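Scroll down for the structure; my scribbles are underneath it.
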Amino acid sequence: MLVNGVWQENWQPVQQEDEDGRFIRQTSSFRNWVTEDGSAGVTGRGGFKAEAGRYHLYVAYICPWASRALMARQLKGLADVISVSVANPVLTDQGWAFGGFTGSDEDSLNGARYMHELYTRADPNFTGRATVPVLWDKHTGTIVNNESADIVRMLNSAFSHLGRGESNKALDLYPRALQADIDALNSYLYDNLNNGVYQAGFATTQFAYKEAYNRVFAALDEMESRLADGRAFLFGDRLTESDIRLFVTLVRFDAAYYGLFKCNRNALREMPNLHRYMRRILKMEGVEETVNLQHIKAGYYSIKALNPTGIVPEGPENI
């Protein structure tokens, strides 16, 4: 991580833990908002107006949080509006790097070798972890936001008028009538599933692992039952940001969380409703472009704390 703008060589994937060995995730640091007219959003300062070609998204296919932003960009028809750089999935001693892996990009925009260089460019005294996704403003040369939840909502609202295709513009991932329900389900999914798999995988005590493991499968069972009535999405016939949050975890489950993170009561393919749901979303226009199974496997199995030999499993070969 960075401390006062200086990279610390002893980088570790476990961000923080409590006294019982529970994994604790770092809070995002850059929280400015892009808005349609450039006014200040719910946090941060103003001056970031939604404009085609102005913003750049730094992501990694391995990362479910970054994949949320990638999915929203595709679903809203913004591929030609916001450019993207994909980081190398293999985690290095300096965190996320650029280039050197099939399907990853060099940082042609800023010429950075490592993600942490972009953080110190935005704030020379930054202390914290250099995470993805990052929404970068080309005009001012700084990070706008590095919180995936914020970025998804910006793409849904501020950029909606710039999207390609009327169906993309009309898609509302956070409809007013459902906002309270979406917020409640998002919180449940984050605590028990999205972050729960990480709390199982990075637990340092049996107690913390078992606690997280039980919450993960209780949440999966709950979502399997929710979909049992044949509904297409979590709130019926309309896709929302809650579906994005669930999908990014499901699509990584069998390839990474089942084995490496020890979430192995059963594979996702053994849960028919969830498996059909995951595949339905995967086939939506543009979504499959946001999923790279080789990056996912190479990235997760490069975590030395969990896989010191660095051996990447041959399977599964497809989702």
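Accessible surface calculations at 1.4 Å, restricted to protein heavy atoms, place the chain at 42 Å² per residue.
Projecting the Cα atoms of Ser157, Thr120, Thr140 onto the charge dipole of the range 101-177, computed from C-beta unit charges around the Cα centre, puts Ser157 farthest toward the positive end.
Can you give the relative contact order of the range 185-249 as a percent, counting alpha carbon pairs under 8 Å and 6+ residues apart? Relative CO of the range 185-249 lands at 33 percent. Charging the Cβ of each Asp and Glu at -1 and of each Lys and Arg at +1, and nothing else, the dipole of the chain about its Cα centre rounds to 220 debye. Dipole magnitude for the range 201-319: about 260 debye, using +1 per Lys or Arg Cβ and -1 per Asp or Glu Cβ, origin at the Cα centre.
I want the antiparallel fraction of DSSP beta bridges within the chain, as a percent rounded to 5. Antiparallel bridges make up about 75 percent of those DSSP assigns within the chain. Taken about its Cα centre, the range 237-288 carries a charge dipole of roughly 200 debye when the Cβ of each Lys and Arg holds +1 and the Cβ of each Asp and Glu holds -1. For Thr142, the amide hydrogen comes within under 5 Å of the amide hydrogens of Asp137, counting only partners 5 or more places away or on other chains and with H modelled in the peptide plane. Can you tell me which lysines have their Cα less than 28 Å from the Cα of Lys210? Leave out same-chain residues fewer than eight positions away. Candidates past the 8-residue exclusion: Lys262, Lys297, Lys304.
Rounded to the nearest 0.05, what FRET efficiency is calculated for Arg231 and Ala52 with R0 set to 30 Å and r the Cβ-Cβ distance? Intermediate results must be reported in sequence, preceding the final value.
Values: r = 35 Å, r/R0 = 1.17.
Step by step, r from the Cβ atoms, then E = 0.30.
Take every Cα pair under 8 Å whose residues are at least 6 apart in sequence, average their separation, divide by the length of the chain, and the relative contact order is 20 percent.
What percentage of the solvent-accessible surface of the range 164-319, computed with a 1.4 Å probe over protein heavy atoms, is contributed by carbon and sulfur atoms?
Values: 3490 of 7110 Å².
For the range 164-319, the apolar C and S fraction of the accessible surface comes to 49 percent.
The values are calculated or read from the model by the stated rules, or taken from the named source; none is laboratory data. This one's a predicted model, so the numbers in the text were calculated from it and none came from an experiment. No Cβ is skipped: glycine too gets one built from the backbone with ideal geometry, and neighbour counts run over all protein chains shown. Quick note on the areas: whole protein, heavy atoms, side chains included, nothing else; ligands and nucleic acids left out. Shrake-Rupley method; radii C 1.70, N 1.55, O 1.52, S 1.80 Å.
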